[in-house]
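Heads up, the thing below is written out as structure tokens.
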Amino acid sequence: MSDVLLVTRHEGWMELTLNRPERLNAFNEALHAALALALAEAAEESWRAVLLSGAGRGFCAGQDLGDRAGAEGPPDLGETLERFYNPLVRRLRRLQKPVICAVNGVAAGAGANIALACDIVLAARSAKFIQSFAKIGLVPDAGGSFFLPRLVGEARARGLALLGEPVAAEQAERWGMIWKAVDDAALMSEARALAAHLATQPTQGLALTKAAFNASAGNSLDEQLNVERDLQRAAGRTPDYREGVTAFVAKRAPRFTGRPA
Ligand code: LHQ
């Protein structure tokens with residue numbers, strides 16, 4: 001595995017650290033490739049949660065803007081999205097286990113929206129989120145135009161995207177953009193505890209919960225009720241559901257395996 005991404009394997013969960021701190025962990029092709037490989041491994045059944053974070057003082061400054069310096073003619077940024085960012089966002093959303101993001105510092109451009117693509121976002125109090133695209137003549141990508149209005153509403157989403165002003169972690173929490181702002185010193189221990197906890201939970205049920213939310217964005221209530229029926233049917237057949245009910249009735253702690261039906 002390339003050192004632009006640090007992969008740490010814990011008991012049942014993987015920790016992925018973007019590791020280009022001198023560029024605030026901006027994405028180049030090597031980082032995309034390493035992350036794609038790591039997320040393919042994370043999809044294996046033995047991994048039950050993923051934690052994504054950044055090395056150094058930033059989380060991720062989006063696309064490495066120096067990557068194309070010197071290239072002739074206008075670049076095809078659509079192709080960059082098609083090849084790298086769109087598959088990454090789809091992988092994060094479709095991964096059948098929770099993905100926690102620990103935003104340890106600035107999250108800008110695609111870096112901000114990759115954080116928002118994760119399931120649970122914790123941010124250090126000193127961290128900020130910036131839709132930097134407006135400052136360089138681009139549009140929000142990596143799912144930003146989808147996630148932002150759904151998380152914070154149209155008015156705030158449009159303001160953020162058109163002005164490119166930073167949102168501090170506590171403001172992001174108040175606006176419902178992220179799960180929680182935590183003290184800088186506590187960020188990684190809290191994020192790791194959360195990942196370790198989730199890795200002991202009913203993974204199939206959590207994966208089906210992700211699927212329900214993924215489907216919800218484009219569905220009517222009637223359609224979503226049907227989705228819930230189908231997903232609950234699948235959840236009801238998992239060994240962890242059986243274990244959860246058995247443990248509840250026996251008044252003992254459940255021992256979930258995360259295995260499929
Ligand atoms: C960087 C970057 C960076 C390279 C900081 N690249 N070096 C998708 C598809 C295809 C193409 C285009 O884009 C996209 C999606 C996108 O993500 S577009 C948006 C790209 N990102 C940005 O526009 C953010 C650019 N960065 C910034 O505005 C600032 O660096 C922020 C506000 C993130 C942090 O500011 P500071 O804390 O003041 O740090 P800094 O600016 O001094 O940065 C530290 C170093 O990191 C510095 O290098 P140096 O050698 O001078 O120490 C920066 O040049 C480098 N860096 N972002 N995206």
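Throughout, read-outs are computed from the coordinates displayed, never taken from laboratory work. Owing to the predicted nature of the structure, the values given are computational and were not obtained by experimental measurement. Glycine gets a Cβ as well: all are built from the backbone with ideal geometry, and neighbour counts include every protein chain shown.
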Residues (surrounded by 17 or more Cβ atoms within 10 Å (Cβ to Cβ) and not charged (D, E, K, R)) located in segment 7-17: V7, G12, W13, M14, L16, T17
Filter pass, A43 being more than 14 Å from the ligand (Cβ to nearest atom), among the aliphatic types (A, V, I, L, M) and free of Cβ contacts under 8 Å to residues at least 40 places away in the same chain: no
Criterion (within 16 Å of the chain's Cα centre (by Cα), outside any helix (DSSP H, G or I) and not acidic (D, E)) met by exactly one of A172, A142: A142
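Quick one: which residue in F133, F84 is among the aromatic types (F, W, Y), touching a Pro at 6+ places or on another chain (Cβ under 6 Å) and within 12 Å of the ligand (Cβ to nearest atom)?
F133
Of everything in segment 68-81, what is more than 10 Å from the ligand (Cβ to nearest atom) and either part of a helix (DSSP H, G or I) or of a type in the set (G, A, S) (or both)? Give them in sequence order. Before you say what the answer is, go through the steps one by one.
Step one: list which residues in segment 68-81 are more than 10 Å from the ligand (Cβ to nearest atom), which gives 70-74.
If the condition is that a residue be more than 10 Å from the ligand (Cβ to nearest atom) and either part of a helix (DSSP H, G or I) or of a type in the set (G, A, S) (or both), then G70, A71, G73 are the ones that fit.
Being more than 18 Å from E44 (Cα to Cα) and either more than 19 Å from the chain's Cα centre (by Cα) or assigned to a loop (DSSP other than H, G, I, E, B) (or both) is the requirement here; does A234 meet it?
On the way: more than 18 Å from E44 (Cα to Cα): yes; either more than 19 Å from the chain's Cα centre (by Cα) or assigned to a loop (DSSP other than H, G, I, E, B) (or both): yes.
Yes, satisfied.
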Contacts under 7 angstrom Cβ, first residue in segment 55-67 being near the ligand (Cβ under 6 Å from one of its atoms), partner part of a strand (DSSP E or B), 6 or more apart: A61/V106; A61/A108; G62/F27; G62/A108; Q63/F27; D64/F27
Candidate set from segment 14-24 (those that are within 9 Å of the ligand (Cβ to nearest atom) and part of a loop (DSSP other than H, G, I, E, B)); member that is farthest from C60 (Cα to Cα): R20
Of all residues making up segment 84-107, the number that are closer than 23 Å to L187 by Cβ and in a loop (DSSP other than H, G, I, E, B): 5
Single unsatisfied condition, R174 versus (1) touching a residue at least 24 places away in the same chain (Cβ under 8 Å); (2) closer than 18 Å to V103 by Cβ: (1)
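Suppose we filter segment 184-196 for residues that are surrounded by 13 or more Cβ atoms within 10 Å (Cβ to Cβ) and away from the ligand (no atom under 16 Å from the Cβ); how many remain? Break it down into steps so the answer makes sense when it comes.
Here is the first cut: in segment 184-196, the ones surrounded by 13 or more Cβ atoms within 10 Å (Cβ to Cβ) are 184, 186-188, 190-192, 194-196.
Within this subset, residues satisfying the condition of being away from the ligand (no atom under 16 Å from the Cβ) are 186-188, 190-192, 194-196.
Counting residues in segment 184-196 that are surrounded by 13 or more Cβ atoms within 10 Å (Cβ to Cβ) and away from the ligand (no atom under 16 Å from the Cβ) gives 9.
For segment 217-246, how many residues are within 19 Å of Q201 (Cβ to Cβ) and either surrounded by 15 or more Cβ atoms within 10 Å (Cβ to Cβ) or hydroxyl-bearing (S, T, Y) (or both)?
Filtering segment 217-246 for residues within 19 Å of Q201 (Cβ to Cβ) gives 231-232, 234-246.
After this cut, where a residue has to be either surrounded by 15 or more Cβ atoms within 10 Å (Cβ to Cβ) or hydroxyl-bearing (S, T, Y) (or both) as well, the list is 231, 234-235, 238-241, 243-244, 246.
Result for segment 217-246: 10.
Give segment 128-186 a look and list any residue that's among the small types (G, A, S) and touching an Asp or Glu at 6+ places or on another chain (Cβ under 6 Å), or say none.
As a first pass, look at segment 128-186 and keep what is among the small types (G, A, S): 132, 134, 137, 142-145, 153, 155, 157, 159, 161, 164, 168-169, 172, 176, 181, 185-186.
Across segment 128-186, the qualifying residue is only A181.
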Test result for A181, crowded, with 19+ Cβ neighbours inside 10 Å, touching a residue at least 12 places away in the same chain (Cβ under 8 Å), on the phi < 0 side of the Ramachandran plot and outside any loop (DSSP other than H, G, I, E, B): yes
